[in-house]
Structures are given as C-alpha cells and as structure tokens.
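Notes follow the structure.
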Amino acid sequence: MKYEFSEIESKWQKKWQEEKTYACKNGDKRPKYYALVEFPYPSGQGLHVGHARPYTAMDVVARKKRMDGYNVLFPIGYDAFGLPTENYAIKNHIHPAKVTHDNIQNFRKQLQMLGYSFDWDREINTTDPEYYRWTQWIFLQLWKKGLAYKTTMPVNWCTSCKCVLANEEVVEGVCERCGAPVIRREKSQWMLKITAYAQRLIDDLDGLDFIERVKIQQKNWIGRSTGAEVDFKTTEGDILTVFTTRPDTLFGATYMVIAPEHAYVKKWAGKLTNSDEVSAYVTEAARKSDFERTELAADKEKTGVELKGVRAVNPVNGKEIPIFISDYVLSTYGTGAIMAVPAHDTRDWAFAKKFGLPIVEVVKGGDVEKEAFTLKDDTGIMVNSGFLNGLTVRQAIPAITQWLIEQGIGHEKVNFKLRDWVFSRQRYWGEPIPMVYCEKCGWVPLPEDQLPLLLPNVDSYEVTDTGESPLSKITSWVNTTCPHCGGPARRETDTMPQWAGSSWYFLRYMDPHNHQALASKEAMDYWSPVDWYNGGMEHTTLHLLYSRFWHKVLYDIGVVPTKEPYQRRTSHGMILGEGGEKMSKSRGNVVNPNDIVAQYGADTMRLYIMFIGDFEKAAPWSSKAVKGCKRFLDRVWNLADLCTDEMGYSHANESNIHKTIRKVADDIEAMKFNTAIAALMTLVNDFYQNGCSKGDLGTLLLLLSPFAPHIVEELWQRLGYSGKGMACQQPWPTYDESKTVSAEVKMVVQVGGKLKGSIIVPVDSEEETVVSAALAEPKVAAMLQTMQVVKTIVVKNKLVNVVMKPKA
RNA sequence: GCCGGUGUGGCGGAAUUGGCAGACGCACCGCACUCAAAAUGCGGCGGAGCAAUCCGUGCCGGUUCGAGUCCGGCCACCGGCACCA
C-alpha cells in the first residue's frame, strides 16, 4: 500500500469543504479561541512560501485548540485595495476589480490546497462595498470625534507612485514600496490624530502578551520623552520657546537654534542684517529631499546661518546669546527651536566647534573640550550653574523645573516622536473618503445612510500630472450637493491608504454578513479580543499601531468591548532562498508552494515549513531537507502495516508516548514547532525500534494531525477509528505525569565537573545510595586509589559530582 | 551613534531554571536487501589520537564543584530608529 498523497489530500479537502468541518459558531457554549493571521494582499504572483510559514503555524495552533475543546475562529480574507493591482490594471486595461477577483480565486485555491482549516463562510474582501462601507463609517466616527482633519502641510511625495506617503512608509528617504526618492511637497491632506492616543498606545502595551521586541519597537517609534519647555526673551521683545530634556544644563546654553521653517524667521526678516544669506539657506533647506537630508544627517556635517540683528536672553544669567537657523533642528518636533548646550549635547558640540561658539561646562565629569559630556545620571555634578551647583543631574532637573515654574517661564513637558497619520492617497484603487466640500459649510460628512460611497467606474486609472486622484476627472461624481445646505458641493477625490481596510478587519470576521453594523455587539462580546495574532515584524509600526489606534477610538465611542484588539502578538522569521539571501524574482530563487505540493504533497510542505528552524528566526529554504519530511511521512504511513492489533499502548513505548503528548502540546503553545516535530520523529523511530500497537499509532496520529492533517485522516480511517469521527475532531490525548518518568534513571557521574561515566539507579534514590553507587563506578573507584573525596554534589535524578584532592 | 537580536559540527538546528554539548533532520560513510541501482531497513558520523585521553558552543577574562547558559570587557553579523534637543 503506497502513500498516494495527491489523492488523499484532495479527498479530504473536498470532505472538509462539503461538511464545513472548520466552520465555527457565534455564541457557542464552549470557550472561544480566536486565532488570527495577517490576511494576504492578493497579488498576481500568488501565494508565496513566505505566507505558508505563519499560516501553517496558526493553522497548527487552531487545530490544536479545537482538539483542546475550544470553539475556534480561524478566518481568512483579502486585503485587496492597493497600488500593484491598480498599476497592473492601468498597464493591461483591465478593471482593478476584475484583477482583484481573479487573483483572489487563485489565492483561495492555493490556501485550500495547503489544507488550512479556515472558516470559509467568513471570508472577507476589503474592496467589497459591503466591507468598505464600514471602513468609511469608521472614518466618519473619527471625523465626529475630531480625530480626522484636513490640513495643508509638507508631505512625503513618492516621485514614482505619484502619491502621498505616511511617515511610516518612508524608509531612508525612499518609498518603502517602490524605492523611488521621496520629496517634500505642500499638499492639502486628510490627517488622523493618532498623536492624541500616543500615551495610551504606550501604556496599554503593559497588559498584553506581545513579544518584547514588538513592544520595544512600538515604544521607540512613539518616542516619548520628558523634559521642559522654557521661554527665552528676545531683543525683539517677543518670546522664543524651546523644548529640552536637559533643563539642568540651562546655564550652559550659549546660543539658540531654530528650524529653517520656524515662523520667527519670517517674522524677524525685516530686522536681519544678513537677510539674503538667511533666505538663501531657508530656500536651500526646503529644496532638499528627505533623502538628501537623511544622507547629510549620516555624516553629521552641520550647516547653519546666524540670524544677525536678533538675539535671545538666557533667563538664568541674563546673558545675550546669538540665534541661528540650521536644519539639524526639526520644525516638526518640540517647538522647532532649541537652546544649544554644546558642552553636553553632541550635536550642539559639533555645531559650536564649527562656528567657534563658546562651550561652557555645567556638569563636571567629562572633558568638554574633547567631546560633549552627555550622561544624564548621578555621574556628574553641576558647576558654573548658580543655585544648582553641587547637585547631581538627577537632582538638578526637578530643582530647575521648579524654578522655571516659579518664574513663570517654563514647565514640565512631554513630547512624542509619533506624528499624525497622513491618510490621503491620490490614487483610484482605494476606499473613497466620504466627505463633501461646500463653499458655504466647509467639509461636510456624508450621512451614514448614504454609505457605502461607491468607487465610480472610470475610463482611465492613470494618475494625473497635477498629482490629483484619477477620481477628480469624473465630474459627474465629483459634483454633488451639500448634505448640510443642499447647495453645490464637491466630493473629496483622494482615497484612503491601504492600511485603512486592515485596521479593523478582525472585527468583521466576527460577524461578516451583518448589514446593520460592522459587527453585532453580541458577536464582538463573544469573540473579543483576538487571542493570538501572528504577523510580520514589518507591520509593527504600521498596521499593528494603526489598528490599535482605531480600536481604541472605537472603544471610546462604545462600539467595541475591549481597549485592545489583540491579546497576544507573535512574529515569524523570513524564509530565505537556498543560499541564505532574500527570495526575490530578480534573484530567481523564489520557491512556489504549488511545486512543492505537486512533488511531495501539502502535508510534507506543511511539515517542512514548520520543521525548517526556529519559528521566530529567518531560515533558508533547503530543497534537500524537504525530503526528510516526506521520508518521515512515508515511515508513518508504513506503520499502519507494521502495527499490531492491540488497542492499548505497547509497554516499550508507553513512557515515551506520554512524554511526547506533553512535549508536542507545550511546544505548540511556545511556538517551538520544530522541536514538536522532532519529538514526533523520535517517537516514530522508537516505534520502528520497539514495534507498535494500533493504540500507539492512533495516539501518534492525533499528535501529528495539526501538522499533517490529510495523511492523518486517511490513516485514522484505515485503522478503523472513523466511528469516533475525524481525527481533527478528537480530543487531544491526555498524558499521565507519572508515566512520563521511567522507574530507573541514568545519572551522570562527574569528578570535578568532568564526565567520568554514568550509573543506573531507581528514580528519586536517596543521596547516600547514589553517592556510593557513584564511588563504585570503575573509573571513579580507580581514582580513589590516589585521591580522597572532598565533597559530593547530587542533583536529583540527574548527576553526581565528586570533588577530590590528592591524598595527603 | 542609539535600541533590540544572533554567533553551537560540512549544513538547518536542539539543549527546562547553571548539570551528559550536538536531540531531530539534511549531507556523507558502512552494512543488509538487489544481477545492479534506486527505494527501504539497520548502523556510524565535532576535532586530534592506535588507545587511555585531550581539545571543543565568536574572542579575552571572571564567578562556580560544574558555564553554550551567569558577570565584566571586546569582535562580527542581522533587524529597527536615525540630527527627535
């Protein structure tokens, strides 16, 4: 009897489809478990082995949880709005909806080919008007809460996509998606006020089971820092406010710097004696792309111009100090102005050295002529600082802050690096923003009963030269009436970014066919929160942060029952090409899951992708190693012919079976899928060694079923177990703790920590018994001719270490 | 520069919480089966040595009866942030 994987796999996949084996029910009495994977973008290339790793992992988890007795929600859908589809549509003159539809067909087929236990009745698609109706609805709620606003500001403009990007989408000055340079451009944009949630996005991480690196990366991205705002009087009689995290160094502030974009540059323009030089610098700074700025930042070469004719006054000592403009000060952070303390800040130090400005040491502990002394702890003592002298930095910060408050010129202040989310995209294939502009009433939201605002058909999806969305050309759609006053008005023509639909999709799965709400209250109460969400690290500061933000807003307006959407977040490593480099079309090292399934079957594919290595780390694909997994399944298959008819456990394997039941369960929970499979392989090797009964094999099949469900169902049926139902519907085997240990144990004998041999003793033997057995061990006994025992260390059931010294 | 992570055989990787380094798999070698090969089964497989033994988890030092694991100091690579005051 041969293992015909291809027939077996289609047989069971068909049965699962027909019987809806993996459908789950809202409100079921069993405890719920919500396992989530990041839904794919249905690209034309189809499913990639990079998808198979996290999807298989969570499928294993979902299948295991069902066997543990949970009502498991394990859904899938498609994040289908986005640029590649639109670009493909433009090139081939096919409607993006058609492209999307075809790609989804292909993805669905591939996902089913791998035997994933998704509940296919809950499949969603972000481009479906019944779906994006609620994406638009959420936007309206954000508007009502004052969290959506339109403003003109310099934005990141991708020169190739001809589209605005969020800060999160710009990587090293280039577009994250296409790699083209990003320039800054003034544009009127919809913005979402994620900054209003900055503190809560940090604080609420505490109660979550996110892997630590995700928490840290999110915290760094949000970038909270505590300091003070300080007002400096100027010779113009106005006030220049700065933000500093080092108010303790105020006595060392020998000059000030403001960003080239700072409003005061214009305000003081008339007073400046070097206005030509200043405006030249401002123009030059504005001209620089983000890429050039980033490049220059790398070598830290400082540039700047003094604003001659205007000076500021240091409030602690009354000294007049110069004011510079320089692009090392960012207009978007703090107040866009700083007090420069060259002795204790490396950037200010470099600038001061270049421009010959005074460096005044106010914290003793370094050599400020050589480099800035920046430690912010108790290492340094305040000097040259009047009433602060003698204090440590940590003591000086509250002291000076108190003084600033008393003087009425400053206060404590918290700042974040996080900026508001640029939400407009000048493209066709996205959710229309349901807003209307009326000359009389301003921006007016579409009434909720007019949702969904359908994406109109256009003749051409080409981007316009002016950088406006293709929608702007459809005048019949753009021109409308104001929902407020009934007068003529224009629709917003920008669409939402791809992150919109994915910010709430996990809620729709809970109740995907609801026409009254994004999901019913009952459904959300039952399923919330997602118990385990696995996804890529690349989404940590984008999707994961955005969806936490939206969820908190929905929580605040009473729509969702929990503060946080996801209880546990884990992340998988990348699958690399055979040589260890990234898989890419250009390198020609892409592995297509279809080929692996055709050659070895879905079960081998699943098993290998889980066995390949540590789930959290990158792992190179090996076409040779795949065979090892196929060989293992062949060995399992052949056991059906070798096993005895006995229904219980055969004695020789019993303790190993109990141990393996525990190990596989523990390893799945800890994402150690590779060692879970190794344990199953060991057990199979034992079966070959010691023989196995039908009962042994039945248990092995149940343990294997989350990983290789098709072969398991087939063997389960052939062994005659089908009266109990399918293997995937069985409870997880139980183990007996007492049977995981054998009656006797091998203990290691060491002398001075070096391995000398081993002894077999009954479990939990007394120390004296163990020690005398150890001393009788031949090698140890031989050593005792010339040595004497100093002491012995016994680790229960593990080892004996005898410490010796030469006989006197 | 800052934050996080990782360094273990020819390769992918194991090793509760300081207790037999190299589980499991790949590759390779040997044996059985075969006319032969493949497949399969069984065995071997860190290095040096005939052996007893010695050496071995990126490098240098330390703590400990005992260190891949803990501490101090380096090096290399990967990921994130990057003039955030």
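General remarks:
- Debye equation applied to the C-alpha atoms of chain A, log10 I(q)/I(0) at 0.05, 0.08, 0.09, 0.11 Å⁻¹: -0.40, -0.89, -1.02, -1.23
- For A:Lys233, a cut-off of 18 angstrom between C-alpha atoms picks up these lysines, skipping any fewer than 8 places away in its own chain: A:Lys266, A:Lys267, A:Lys271, A:Lys308, A:Lys319.
- Eligible lysines near A:Lys364 by straight Cα distance, threshold 18 Å, same-chain separation 8 or greater: A:Lys376
- Percent carbon-and-sulfur accessible area, the stretch A:664-735, ignoring ligands, DNA and RNA, probe 1.4 Å: 46 percent
- Cα gyration tensor, the stretch A:1-146 - rounded (a/c under 1.5), prolate or oblate: oblate
- Accessible area per residue, Å², chain A with all protein chains present, probe 1.4 Å: 43 Å²
- Only lysines eight or more places from A:Lys370 in sequence, or on another chain, were considered; those with a Cα closer than 16 Å are A:Lys353, A:Lys354.
- Unsatisfied cross-links (Cα-Cα over 27 Å) in the set A:Lys64/A:Lys617; A:Lys144/A:Lys187; A:Lys150/A:Lys215: A:Lys150/A:Lys215
- Take every DSSP beta bridge whose two residues both sit in chain A; close to 75 percent of them are antiparallel.
- Annotation for the stretch A:217-292 versus the stretch A:510-556: alpha-carbon center distance of 40 Å.
- Derived value for the stretch A:620-661: Kirkwood hydrodynamic radius 12.7 Å. Basis is the mean of 1/r over every pair of different alpha-carbon atoms.
- In the stretch A:596-668, inverting the average of 1/r over every pair of distinct C-alpha atoms gives 14.6 Å as the Kirkwood radius.
- Surface composition of the stretch A:360-516: carbon and sulfur atoms hold 49% of the protein heavy-atom accessible area at a 1.4 Å probe.
- Cα gyration tensor category, rounded, prolate or oblate, for the stretch A:119-230 with a/c compared to 1.5: rounded
- The angle between the Cα long axis of helix A:96-113 and the main principal axis of chain A comes to about 30°, on a 0 to 90 degree scale.
- Count of Lys pairs (Cα-Cα under 23 Å; at least 8 positions apart or interchain) in the stretch A:674-808: 29
- Cα-based radius of gyration for the stretch A:305-393, normalised by 2.2 N^0.38 Å, reads 1.14.
- Residues in the stretch A:719-729 carry Karplus couplings, in order, of 6, x, 8, 5, x, 7, x, 6, 4, 5, 9 Hz; the curve used is 6.51 cos²θ - 1.76 cosθ + 1.60 with θ = phi - 60°, and Gly or Pro positions show x.
- Close amide H partners of A:Val72, meaning residues 5 or more places away or on another chain with modelled amide H under 5 Å apart, are A:Tyr33.
- Whole-angstrom gap from the stretch A:325-349 to the stretch A:131-180, using each part's C-alpha centre: 28 Å
- Residues whose placed amide H lies under 5 Å from that of A:Leu576, excluding near-sequence neighbours: A:Ala619, A:Trp621
The values are calculated or read from the model by the stated rules, or taken from the named source; none is laboratory data. Just so you know, these numbers come straight off a predicted model, no measurement behind them. The accessibility values were calculated without ligands, DNA or RNA, using every heavy atom of the protein model including side chains. Shrake-Rupley method; radii C 1.70, N 1.55, O 1.52, S 1.80 Å.
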